[in-house]
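The structure appears below as structure tokens.
We did not get these values from a lab; they are worked out from the coordinates using the rules stated. Since we're looking at a predicted model, the values are computed, not measured. Cβ placement follows ideal geometry from the backbone for every residue including glycine, while neighbour counts extend to all protein chains displayed.
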Amino acid sequence: MHIDTYHRVVRAVDLLTPQRFHAPVVPAVAGWAMRRVPDRRLLERRILPGIAAARHRRVLFVGTSRVPDTRTYHLDYPWGDTEFWTMDKDPEAAAWGGDRHWSGDICAVSERFPAGWFDCVLLNGVLGWGVDTGPAQELALEQCREVLSPGGLLVVGWNTSKCADPLRLSAVARHFERTTFAGLPARCEFAETDHVLDFLSARRTPPGGPDQPTDGTTVRNP
């Protein structure tokens, strides 16, 4: 589904649904439609299953939401012994988090979790959606690296209409290298939406050391 179609569907349901049914119906239809937009479909059908299959010690999902409903992500995939954590800066968003949830700022995540605590961090729909300025985005990525284990996976989902390319941030050059994941390229772009998904690996050595950045191939509409 094209993102413009998604917005038309949600607007139509919003206008046509009687007020007494508005609260349950509109979010349910919006969530159904959002899961048919390619970036969310890729996240739920390829990326999250791939992360679950990796059997990490701990995974952090940043940015919970009602549309689509992220409350059951900790139940929807075979996490096994992996601790699946959710977090969001908005305390009210805890209602859409999992059974392990922290209400806090990604720019201060190392105040809650120790260094190297997570093997994977998903930062989807955060840059440009609350973490808006260049300095704040630099800090957010610095903090992600702080709580990631060496070689840990960072998935960054962002919109070209909301922020500049995060790969241009100096924190990426210092702390990460591009990587592929689950048979997907290092960057996934989509004709139907301006959402972009980047896969990054936390550096084991400083820039210029023996581990050099590995650029993946950019493809559209995988």
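Annotation: amide H of Leu122 within the under-5 Å range of Leu60, Phe61, Val62, Val155, sequence separation 5 or more or interchain, hydrogens built in the peptide plane.
Going from the residue with the fewest nearby Cβ atoms within 10 Å to the one with the most, Phe118, Phe181, Phe113, Phe21 rank Phe21, Phe113, Phe181, Phe118. Of the residues Ala191, Leu153, His175, the one whose Cα sits farthest toward the positive end of the charge dipole of the stretch 151-210, with +1 on the Cβ of Lys and Arg and -1 on the Cβ of Asp and Glu, is His175.
Each Cα pair under 8 Å and six or more residues apart adds its separation to the average, and for the stretch 38-220 the resulting relative contact order is 19 percent. Each of Arg168, Arg204, Arg46 was scored by other Cβ atoms within 10 Å of its Cβ. Listed from fewest to most, they are Arg168, Arg204, Arg46. With the simple model of a label 7 Å out from the Cα in the direction of the Cβ, Arg20 to Ala182 spans 4.2 nm. Within the listed set Leu43, Leu127, Leu197, the residue fluctuating most in the Gaussian network model of the chain (springs between alpha-carbon atoms under 10 angstrom) is Leu43. With each label modelled as a point 7 angstrom along the Cα→C-beta vector, the Arg66-Arg45 pair spans 2.7 nm.
Dividing the alpha-carbon radius of gyration of the chain by the rule-of-thumb value 2.2 N^0.38 Å gives 1.02. The Rg/Rh ratio of the stretch 38-133, with both radii computed over alpha carbons and Rh defined as the Kirkwood radius, is 0.93. Exposure proxy ranking for Ile47, Ile3, based on other Cβ atoms within 10 angstrom of each Cβ and starting from the fewest, stands as Ile3, Ile47. Full extension of the chain between Ala108 and Ala12 gives 30.6 nm of extra length, using 0.36 nm per residue less the Cα-Cα distance.
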